[in-house]
1. Shortest first and in nm with one decimal, please list how far the C:Glu365 label point sits from its counterparts in the other copies (point 7 Å along Cα→Cβ).
2. Could you list the residues of region A:347-390 with an amide nitrogen less than 16 Å from a label point located 7 Å from the Cα of A:Asp227 in the Cα-to-C-beta direction?
3. In the calculated pair distance distribution of region A:139-253, what percentage of Cα-Cα distances lie above 22 Å?
4. For a paramagnetic label modelled at 7 Å from the Cα of A:Arg84 toward its Cβ, which residues of region A:35-68 fall within the zone defined by backbone nitrogen distances under 11 Å?
5. Count the net charge of all other residues whose Cβ sits under 9 Å from the Cβ of B:Val355, scoring Lys and Arg as +1 and Asp and Glu as -1.
6. For C:Gly72, place a label point 7 Å out from Cα along the Cα→Cβ vector, do the same in each other copy, and report the separations in nm, one decimal, smallest first.
7. Pull out the extension gain between A:Thr167 and A:Ala125, defined as 0.36 nm times the separation in residues minus the alpha carbon to alpha carbon distance; nm, one decimal.
8. Would you give the gap between the C-alpha center of region B:179-244 and the C-alpha center of region B:266-316, rounded to a whole Å?
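Please treat every number below as a calculation from the coordinates, not as lab data. Being a predicted model, the structure only gives us computed values, none of them experimental. No Cβ is skipped: glycine too gets one built from the backbone with ideal geometry, and neighbour counts run over all protein chains shown.
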4 protein chains.
Amino acid sequence: MAIEGSKEEAASGRIRLGMVGGGQGAFIGAVHRIAARIDDQYELVAGALSSEPARAKASAKDLGIADDRAYGSFEEMAKAEAARPDGIEAVAIVTPNHMHAPAAKAFLEAGIHVICDKPLTTTVAEAEELVALVKKTGKVFAVTHNYTGYPMIRQARAMVAAGELGTIRLIQAEYPQDWLTERAEASGSKQAEWRTDPKRSGAGGCIGDIGTHAYNLACFVSGLELDELLAQLTTFVEGRLLDDDVEILLRWKGGAKGMLWASQVAVGHENGLKLRVYGTKGGLEWTQADPNYLWFTKFGEPKQLLTRGGAGAWPEAARVTRVPGGHPEGYLEGFANIYTEAARAIRAARDGGTVGADVIYPSVEDGLVGMKFIEAAVKSSNAGNVWTKV
Amino acid sequence: MAIEGSKEEAASGRIRLGMVGGGQGAFIGAVHRIAARIDDQYELVAGALSSEPARAKASAKDLGIADDRAYGSFEEMAKAEAARPDGIEAVAIVTPNHMHAPAAKAFLEAGIHVICDKPLTTTVAEAEELVALVKKTGKVFAVTHNYTGYPMIRQARAMVAAGELGTIRLIQAEYPQDWLTERAEASGSKQAEWRTDPKRSGAGGCIGDIGTHAYNLACFVSGLELDELLAQLTTFVEGRLLDDDVEILLRWKGGAKGMLWASQVAVGHENGLKLRVYGTKGGLEWTQADPNYLWFTKFGEPKQLLTRGGAGAWPEAARVTRVPGGHPEGYLEGFANIYTEAARAIRAARDGGTVGADVIYPSVEDGLVGMKFIEAAVKSSNAGNVWTKV
Amino acid sequence: MAIEGSKEEAASGRIRLGMVGGGQGAFIGAVHRIAARIDDQYELVAGALSSEPARAKASAKDLGIADDRAYGSFEEMAKAEAARPDGIEAVAIVTPNHMHAPAAKAFLEAGIHVICDKPLTTTVAEAEELVALVKKTGKVFAVTHNYTGYPMIRQARAMVAAGELGTIRLIQAEYPQDWLTERAEASGSKQAEWRTDPKRSGAGGCIGDIGTHAYNLACFVSGLELDELLAQLTTFVEGRLLDDDVEILLRWKGGAKGMLWASQVAVGHENGLKLRVYGTKGGLEWTQADPNYLWFTKFGEPKQLLTRGGAGAWPEAARVTRVPGGHPEGYLEGFANIYTEAARAIRAARDGGTVGADVIYPSVEDGLVGMKFIEAAVKSSNAGNVWTKV
Amino acid sequence: MAIEGSKEEAASGRIRLGMVGGGQGAFIGAVHRIAARIDDQYELVAGALSSEPARAKASAKDLGIADDRAYGSFEEMAKAEAARPDGIEAVAIVTPNHMHAPAAKAFLEAGIHVICDKPLTTTVAEAEELVALVKKTGKVFAVTHNYTGYPMIRQARAMVAAGELGTIRLIQAEYPQDWLTERAEASGSKQAEWRTDPKRSGAGGCIGDIGTHAYNLACFVSGLELDELLAQLTTFVEGRLLDDDVEILLRWKGGAKGMLWASQVAVGHENGLKLRVYGTKGGLEWTQADPNYLWFTKFGEPKQLLTRGGAGAWPEAARVTRVPGGHPEGYLEGFANIYTEAARAIRAARDGGTVGADVIYPSVEDGLVGMKFIEAAVKSSNAGNVWTKV
């Protein structure tokens, strides 16, 4: 079952990877590094790990990056690495949101593939620029909407596509958290600081940080495109600069409807991402905290509990699975699947090739779709909660 | 723990009860009868059980009602029973919605207490008339928003009132079902027929049948009053005359927000009523299918699973509980609690008294609140999903 | 769905019921009374509710029993009621265990049907005497192994009988509680006092109080007979006179094996009765705290969550079900099913008839099987944990 | 939170690792490799990956191992690597059981640290020999009883040690699976073949493969030592050479009791390892399939659901945790924790040092304890299920 070590990949060597952001004290950088390691497809060899030069150097040393490849800025890194014969083939961008676009641009223009955290940028305009640049450069560009890497999410998507649910009528997506219930950004939490700061996060707070994840997942599984939305964004915590709760009505092209709720002040929820999809013939339910399970009901039949490695697993789940059923995989493995799928595309690109439809990772276009969602939600909310096209 | 058989109640004898509706083939009538029996507070002695005289008689015989108290119409019953020295003291109205108001009116005017199924009426105007009539007659009037009878819902309400959650910020209420996923009303289902028929149900389908339950529960537990709502009502099944899916944004007086979803086409849900309430200090979650549990999280502390009869049970739960923790109580016991609370009020009324604040049953005013909710939702939806005061 | 009010039953009137035990302060008496009421098959008209005459009278008054039918002893009651033209047809015996046999004997000899709490007696010899007496008198005798009344337990039994699990290999039964973790019998708990007193409970503590329930359920669902057992009974709480923890290895006739664990000192469990049955083709799991669910896995297929009123419900579940799927039924409804099944047998007996195989209630023979289990377990444990035939 | 990249470790470079077994078609080898990579503590540089030379070479190539370090036998590898200046510092032994002892011996004698799969050997005698050899050589020796690497298991152990449960009374351990429900070893399953073959597995089938895991976990969390056991081992599937079901009564030193059940024929279970521990003051429950949760009940207080990264997490859990609460970690992360703890010991050994008590990995002594358990269980079962000292 394990995908690691398949012949063709090892034969061509690990992909040389750089990283922007993710220095000491960061959270998501470490996640990206583990994700890149799990299937042994990448080797981290360069970094501009912090905007503070001293911390950048120290962080690089911690990670075993050679001194001469520990850069003080991404601009420097893009330039230097592009010039090396053994320069990085791909870069992971794991900075706060406002740095995504400039960094991505620099590396694309230097001919380097990009794996970028979400949301893609801080504005739709930036995102569109990136889409154009990816098209122009032909580079691989993956956005780490990591939840699409979970095996049972792959299966859910495949089941919807195969018609197991009939015509989709309803999508209920939610992502409640509680870590910003109080004003953590005023108590020294770095994570809270930048995520509630419009300068670094963009116009959306909760909507950009987690609402966009829920939306991406809804799109991914349902295969639908959103037509319009009606959003109510709220800031519950006094003094906070961005929304910390998001309630949205959804209208999908083709007639499906739904709701999306994301919150950072819902006490009792850690990372409660949940997706429910209902069609004329069946319904699905999946929860991120228990990701190895997928509930499926065919109308008029008993409810089934499908498991990642069990009798009801589809090939689409099995191909991104490493251990037998009943042995849980988690967040890092799902994240690793995005990295490994991107690796397949990057390897294919080495020879000027591309990958088949079975290889799935969120693209720059998906990132743009996410940015349009954020902007439409902010616009709808500001306009008094009116229907707004995305 | 069992409340049955307490001295003062038995001393005064069972309450003589009549029933309107609930004849052969009905569903909710049998539920009301069991609920009335569980704590031995009532004796069913009269009925106008069907609008078809033959069926009314046959149904009465089945239930051991004497022939001379098996009536062909509620008007006849109200008149005859009021004239008997041993006439009914209370009537249970369990007809389709459109009959609630006329029947309730007849019995109130005849000086008979009323226990009425929900929604209270088919229009706000009728509901207001009933409120006025109850005020004028001074009779006990209970509406069977039965979910408020569940012990852990009583506890949830008490916890919110005691400030355990701090200031309430968010309420997420949902009630998904799937029994109307296909056009059951065209395939001989009596239950589906009248519930999708505007003549018998009123202007709301799903919103009136179950949306109103979810809303009532949200009000009951939170203690909040709704300010305005923005609703999207949908009819997914072709040919259906009323809504079968309801999505609503909520704004509560005082600043809390929330969402309400009710659906009759969400495949995989039987009676998935769920309520989640979040405040500045804590969060609660309760699900009707597993009603003996109440999840409670105090911000910054581990999540607790409170059980109906366990160490974390509050007196408000204990007083409506019959069996020890770990022995589940269910729908009928919750329903019975409404009947028994109403019985306490009816007994008190025998002597011209009233009951204390600990005795809780949904009142005619609560029924009116429900009707205003239905009408506002229909109005908001028809107006293009705009904020509408309730 | 509701079974109440079916014509033939009402036509013949409620069954006149008496009760022995169950006076003020008792627990299980109230449960029996509610169970008897739920389907309106019985009317409680006489009682010897306490061994203390004053309390017996007061308790009877509380329950609306006429003064002249409030007896000071079961002997008196059996004699007087047998002599009345409107005397009781059946008696519910809800005393501590040591009174079951003498009371049951008195009523059987008076020609009165018996519904008796479990365990049947305090010795196998007494139980055998009762079996003989039931045979001789031809009276209906039901033992309230109430868990067999749960709809999904009925279904589990039917599924096993229909071969859905193939040949049974393994049975895992457990019933953990924690209410005797400390020495409650020394702190004024009446329930704890008699249940830990060998004079009133018999030779088994935990084994008799709840181990026997788990065993009965295992037999009921599997349809198997036990061959031998090997038991380790432990008293963890110092000063306690009877076992408070029970661990047993089981060998069933035909080759199946299994384990049974019951405990009164397992902190965190309220009434954690659970049964798991595994065969060559499938497996089942059921938990009393969540009784409306039955987990079923066919080997090589996805796990199914069968629900009491859902698409996977069998007729055997449906016939003892009152409300639709998703509306939970609980302990009292399961208990009521035993009463109602017994009522069917009692009504049939009025005309000298008997009931069909679909009518199921634990019989005096089942009670004897339970007593043999208790005695064998005590014997095995005392002999140093050796295999002992039941 | 992420432990990867801590300065002192990176400064000293990755540990050079070899592997015995784990070639193409194997399962557990890939797991070990991922586990070794997750925290970037190891680099796989040599291997004797298969007993078939051609497959050994091909497998090495797949994994990017240099040709001259792809060995045909472990003997050759131990010798050659010991002679290289850049030779492996540690070896992972992931063969069928019968090869563990000879391979471990060879590498220990060559001065190389060992990480060995479980069960340690096929006999107690071999295990004792290894214990002596480890003592003599002073090498690090870790046995991958990987479940001890789960964060909430670390916490459970810490809570017991801190007295949160009071004096331990009861331990219930179980590990049901269903993959050997039919005779998979006769249908071409390599995994089934060797695991049911006494020549490769030793005297125990189910008891050695998974019973020993459950037992190890019970010891690890409770901190108790077993005194004696009484076992019933069964082979349900005709033609199978080893036990496929295990039922054991346990007596722990100090008076605690318990049961252990492991099965490979329990339909519906994938890898259902579950541990429950009960003391005089509290109880714990943990399930491998949902490893991020730990249920904890303090006697007389509400049940708590402790989560890996939540408010109730202890430092012992936090130090082996990589991602925030609500983002699930799984089997591979738990396995990686064993590897990383061993890495800490190996790094310390580089300088002749040792690690503190906070660094925990199953030792060769733990492996011996496991072997004694297997032998005692087989002996007890063969002797007719009698108490047997371990």
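1. 5.9, 6.2, 7.2
2. Within reach of a label on A:Asp227, which here means backbone N under 16 Å from a point 7 Å along Cα→Cβ, region A:347-390 contributes A:387-390.
3. The calculated P(r) of region A:139-253 puts 44 percent of pairs beyond 22 Å.
4. Inside the label zone: A:44-48, A:65-68.
5. Once all neighbours under 9 Å are counted, the net charge is 0.
6. Label point to label point, same position, other copies: 5.8, 10.1, 10.5 nm.
7. 11.7 nm
8. Going from one Cα centre to the other spans 25 Å.
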